[in-house]
Amino acid sequence: GELVSDFPIIHREHRTGAVLSAVVLSKWLVFAAVAVIEAGLMTGAFVARRPGPVYSNALPPLAELFCDLAALTITAMSLGLLISSLARKLEQAVALVTLASITQIALNGVTAQLSPFLNGISVLLPDRWGLAAAASSVDLDRISLPPHKPPDALWQHTSVQWATDLIALAVLAVGYAVLATLVLRSRMRPRAPRREVRARAARQPWHPT
């Protein structure tokens, strides 16, 4: 609800010269820091009463799991900013976030086997890549009972695949933030009232084709 709630303030500041990209970036940096803290809390809660992960690709297992959760949380926050820029009211933002959450749970690659079409949609969502990064880190195909079948190519326990998953999350995070800026910029453009547009169209000379 950050951008949708502050839209009147952002609109007023933009009219006085505030740069929209700087506004979005400042909010993104603040919430990215909050997301990293949340990822740390989730990692600590995960290993508080159970052994931590045994396998990893490049970093110590616990540190790598934290990186996966931090990347996923930051990307999900970026999607939230995009949703907030699209919504006209807070209620719309809440509804869109709920829809996005349900969609990601359905298309995360664990809940159900994905067809090629659904897999093409899922790669545009953070949860698909974030879960894949964590699965690659902990070698989920090896430790899960029963094994995940058929094997998911994004879960391969290799440094290359793990890095690919994280890069995809980074691309999505940047893309969401850029799209949020573009959406806000389009909403800042002055638009003529409908009556004025209709009157202007009525004054246009008619040319037969």
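Below are the figures for this structure:
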read-out	value
Count of residues meeting criterion [touching an Asp or Glu at 6+ places or on another chain (Cβ under 8 Å) and not hydrophobic (A, V, I, L, M, F, W, C)] in the stretch 1-32	1
Lone qualifier among SER115, SER101, SER78 - being within 30 Å of ARG185 (Cα to Cα) and open to solvent by 40 Å² or more (accessible area, probe 1.4 Å)	SER101
Condition check for LEU59: open to solvent by 40 Å² or more (accessible area, probe 1.4 Å), closer than 24 Å to ALA163 by Cα and in contact with a Cys (Cβ under 8 Å, 6 or more places away or on another chain)	yes
Failed criterion for PHE31 (all others in (1) touching a helix residue (DSSP H, G or I) at 6+ places or on another chain (Cβ under 6 Å); (2) farther than 17 Å from VAL174 by Cβ; (3) open to solvent by 30 Å² or more (accessible area, probe 1.4 Å) hold)	(2)
In the stretch 149-166, residue least open to solvent (accessible area, probe 1.4 Å) [restricted to those that are farther than 11 Å from ALA58 by Cβ, polar (S, T, N, Q) and not in a loop (DSSP other than H, G, I, E, B)]	GLN161
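The values are calculated or read from the model by the stated rules, or taken from the named source; none is laboratory data. Fair warning: this is a prediction, and the values are worked out from it, not measured in the lab. Cβ atoms come from the backbone with ideal geometry, glycine included; neighbour counts cover every protein chain shown. For accessibility, only protein heavy atoms count, side chains too; no ligands or nucleic acids. Shrake-Rupley method; radii C 1.70, N 1.55, O 1.52, S 1.80 Å.
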